[in-house]
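Below: one structure, written as structure tokens.
The values are calculated or read from the model by the stated rules, or taken from the named source; none is laboratory data. Here the structure is a predicted model, which is why all the values come from computation and not from measurement. Neighbour counts run over all protein chains shown; Cβ positions are idealised from the backbone, glycine included. Side chains are part of the model used for accessible areas, which takes the heavy atoms of the whole protein and leaves out ligands, DNA and RNA. Shrake-Rupley method; radii C 1.70, N 1.55, O 1.52, S 1.80 Å.
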Amino acid sequence: MTGICVIDYGVGNVGSILNMFRKIGAGAFASGNPEDVCKSDRLLLPGVGSYDFGMVQLAERGLDVAVKDFAATGKPVMGICLGMQLLGMSSEEGELPGLGLIPFDCKRFDFATMPDAADLKVPHMGWDTVALKREDPLFVAVPEPQRYYFVHSYYVRCKCDDDVVAECEYGVTFAAAVRRGNVSGTQFHPEKSHRFGMCLMKNFAESA
């Protein structure tokens, strides 16, 4: 099956993502079959929920290996929210290793020892602005100022600054979008981010 494969592994809002791709006229399908993953042109890994549960669901279906094999081909891979976090090495939320495609770890928002941020709630939820750190194909022609919808209690801390594409401020500065080679991810939900997310998803569907 060619086109954009949205991985369906029981963790994520697959329907909303497919609806967004339909709106922009991009050919996309959902599958939890590793063979479909390998035959697709682009791969999108969504995710909502806990880190270890997500990794277990991928592994039980053989999708952890399929994602890594697909990434090794050089074809575009993108993770969203938990899906982005699973692209990294580890998370304070769980004990299992991630996919290891980008060297970063996930930390929990902890404002207990930060008087200036004591009124901030966890999870970080709602619309927030992001600041681009470098040019990236995902963000071409996205309207400014860029605002996206977030829902997360853990944030990404990259080991290499060059992997950070965009940042957001919520008590701490965290990576809102990352990229290493053909593998990218967004902490926010583009499928819930109206015209900003629609433009980003169109860029993913069309960029090399």
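Specify the residue that is surrounded by the fewest Cβ atoms within 10 Å (Cβ to Cβ); the eligible residues are those in the stretch 161-198 that are closer than 26 Å to A117 by Cα and among the aliphatic types (A, V, I, L, M).
This residue is V172.
Scan the stretch 54-72 for residues that are closer than 22 Å to R180 by Cβ and in contact (Cβ under 8 Å) with a residue 24 or more places away in the chain and report the count.
12
Residues in the stretch 50-62: is at least one of a type outside the set (V, I, T), in contact with a Pro (Cβ under 6 Å, 6 or more places away or on another chain), modelled with pLDDT of 95 or more and farther than 22 Å from S207 by Cβ?
Scanning the stretch 50-62, I find at least one residue that is of a type outside the set (V, I, T), in contact with a Pro (Cβ under 6 Å, 6 or more places away or on another chain), modelled with pLDDT of 95 or more and farther than 22 Å from S207 by Cβ, so the answer is yes.
Can you tell me which residues in the stretch 32-58 are in a loop (DSSP other than H, G, I, E, B), surrounded by 15 or more Cβ atoms within 10 Å (Cβ to Cβ) and either under 15 Å from the mean Cα position of the chain (by Cα) or of a type in the set (K, R) (or both)?
P46, G47, V48, S50
So how many residues does the stretch 32-48 have that are within 20 Å of D64 (Cβ to Cβ) and in contact with a Ser or Thr (Cβ under 8 Å, 6 or more places away or on another chain)?
3
Where the second residue is open to solvent by 30 Å² or more (accessible area, probe 1.4 Å) and among the hydroxyl-bearing types (S, T, Y) and the first is touching a residue at least 12 places away in the same chain (Cβ under 8 Å) and in a loop (DSSP other than H, G, I, E, B) and lies in the stretch 141-157, which pairs have Cβ atoms under 6 Å and are six or more apart or on separate chains?
P145/T129
Go through the stretch 1-31 and report how many residues are closer than 15 Å to P190 by Cβ, open to solvent by less than 40 Å² (accessible area, probe 1.4 Å) and part of a loop (DSSP other than H, G, I, E, B).
Selection size over the stretch 1-31: 3.
Just one of K107, K75 is more than 20 Å from F150 (Cα to Cα), among the basic types (K, R), out of contact with any helix residue (DSSP H, G or I) (no Cβ under 6 Å at 6 or more places or on another chain) and at pLDDT 95 or above; which is it? Before the answer, list the steps.
Details: K107 fails: more than 20 Å from F150 (Cα to Cα).
Of the residues listed, the single one that is more than 20 Å from F150 (Cα to Cα), among the basic types (K, R), out of contact with any helix residue (DSSP H, G or I) (no Cβ under 6 Å at 6 or more places or on another chain) and at pLDDT 95 or above is K75.
Does the stretch 182-204 hold any residues that are over 19 Å from V67 (Cβ atoms), in a loop (DSSP other than H, G, I, E, B) and not hydroxyl-bearing (S, T, Y), and which are they?
Hit for the stretch 182-204 is F188, nothing else.
What is the number of the single condition among (1) under 20 Å from N13 (Cβ atoms); (2) open to solvent by less than 10 Å² (accessible area, probe 1.4 Å) that G88 does not meet?
(1)
Can you say whether S207 is under 19 Å from A71 (Cβ atoms) and either among the charged types (D, E, K, R) or open to solvent by 10 Å² or more (accessible area, probe 1.4 Å) (or both), as far as the supplied structure shows?
yes
Considering only residues that are open to solvent by 80 Å² or more (accessible area, probe 1.4 Å) and under 17 Å from V178 (Cβ atoms), which ones fall in the stretch 112-139? If you could, list the steps in order and put the result at the bottom.
Step one: filter the stretch 112-139 for residues open to solvent by 80 Å² or more (accessible area, probe 1.4 Å), giving 112-113, 115-116, 119, 121, 125, 127, 133-135.
Result: K133, R134, E135.
Give the stretch 1-27 a look and list any residue that's within 20 Å of D69 (Cβ to Cβ) and without any contact (Cβ under 8 Å) to a residue 60 or more places away in the chain, or say none.
M1, T2, G3, C5, V6, D8, Y9 - these are the residues of the stretch 1-27 that are within 20 Å of D69 (Cβ to Cβ) and without any contact (Cβ under 8 Å) to a residue 60 or more places away in the chain.
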